[in-house]
Amino acid sequence: WWRCCGRGRRRPIVRSPYRSFPIASFQPTVAKNDSVGHARYDRGMETPRSILITGASSGIGAALAREFAAPGIGLALSGRDTDRLAEGSAACRSAGAEVDERILDVADREAMEDWISAVDAARPIDLVIANAGISGGTAGDGEGEDQARAIFRTNMDGVLNTVYPAAGYMRRRG
C-alpha cells in the first residue's frame, strides 16, 4: 500500500496493531554518512560543529553526545554526576571530539550564562540541546511542594537558562 505525500512522493503505509487506521512510516531526518559517524541533516542544514548539551551525564544527553562525537566536532557537556559525565566525555574524546565538560546546576542562571559565554567565545555554538531534567517520585503519593518546585527549577528554568544566553550569541552571528 502506498500513499501520496504531496509533490509526487509516495511513502509506504504502515498498519499499526494499536490503531485501526494506517499511519505513514517514520522518515528519519538524521542519517549516518561516514564511517566515523558524522550526522548528516536533511533540508540543507549543515552539520553542526560546536554543540552544547545539558544533561549529558546520562540518558538521552549522554547518547546524543556520543552520537555527535567525531573529529572536528566540539562538544560542551554539562551534567550533575561527575563520574558519569567524565566517562561520557572520555568516550567522546576517544571518538575524536574536543570536549569541554562542566558540572553545573542548570537552575543557576549566572553559572549557565558564564559557561555558555566561555563556550561560545572558544568555539561559536551551532546547536544547543537543553536536555537536563529531573523527575518526581512515583510512589503513588505524588510530589510534595518542595519536590515540584525543584522539578520546575531544573526542567523549566534550566531550559530558559540554557536557551536564552545561547540564542543571544547565535542571533548576533545570524
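Points worth noting:
- Within segment 88-103, the residues that satisfy the criterion of being open to solvent by less than 40 Å² (accessible area, probe 1.4 Å) and touching a strand residue (DSSP E or B) at 6+ places or on another chain (Cβ under 9 Å) are 88, 89, 92, 97, 99.
- Per-region count, segment 43-61, residues open to solvent by 10 Å² or more (accessible area, probe 1.4 Å), touching a strand residue (DSSP E or B) at 6+ places or on another chain (Cβ under 8 Å) and of a type outside the set (Val, Ile, Thr): 4
- Test for residue 65: is it in contact with a helix residue (DSSP H, G or I) (Cβ under 8 Å, 6 or more places away or on another chain), assigned to a helix (DSSP H, G or I), touching a residue at least 24 places away in the same chain (Cβ under 8 Å) and open to solvent by less than 30 Å² (accessible area, probe 1.4 Å): yes
- Residue selection: residue 164 fails the criterion of being touching an Asp or Glu at 6+ places or on another chain (Cβ under 6 Å) and of a type in the set (Ser, Thr, Tyr).
- Residue in segment 71-87 that is nearest to the chain's Cα centre (by Cα), counting only those that are surrounded by fewer than 20 Cβ atoms within 10 Å (Cβ to Cβ) and assigned to a loop (DSSP other than H, G, I, E, B): 80
- Note on segment 131-150: among residues that are aliphatic (A, V, I, L, M) and not in a helix (DSSP H, G or I), the one that is farthest from residue 75 (Cα to Cα) is 139.
- You will find that of 128, 119, 159, 106, the residue that is at negative phi, surrounded by 15 or more Cβ atoms within 10 Å (Cβ to Cβ), in contact (Cβ under 8 Å) with a residue 24 or more places away in the chain and part of a loop (DSSP other than H, G, I, E, B) is 106 and no other.
So that you can scan it fast, the table gives a plain yes or no per residue for (1) modelled with pLDDT under 50; (2) among the hydroxyl-bearing types (Ser, Thr, Tyr); (3) in contact with a Ser or Thr (Cβ under 9 Å, 6 or more places away or on another chain):
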position: 2; (1), (2), (3): yes, no, no
position: 18; (1), (2), (3): yes, yes, no
position: 31; (1), (2), (3): yes, no, no
position: 51; (1), (2), (3): no, no, no
position: 84; (1), (2), (3): no, no, yes
position: 102; (1), (2), (3): no, no, yes
position: 109; (1), (2), (3): no, no, no
position: 112; (1), (2), (3): no, no, yes
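- Segment 88-103 - residue that is assigned to a loop (DSSP other than H, G, I, E, B) and among the hydrophobic types (A, V, I, L, M, F, W, C) and, of those, nearest to residue 74 (Cα to Cα): 97
The values are calculated or read from the model by the stated rules, or taken from the named source; none is laboratory data. Keep in mind the model is a prediction, meaning the values are calculated, not measured. Cβ coordinates were reconstructed from backbone atoms using ideal geometry, including for glycine residues, and neighbour counts include every protein chain displayed. Each accessible area value is taken on the protein alone, full model and side chains, heavy atoms only, with ligands, DNA and RNA left out. Shrake-Rupley method; radii C 1.70, N 1.55, O 1.52, S 1.80 Å.
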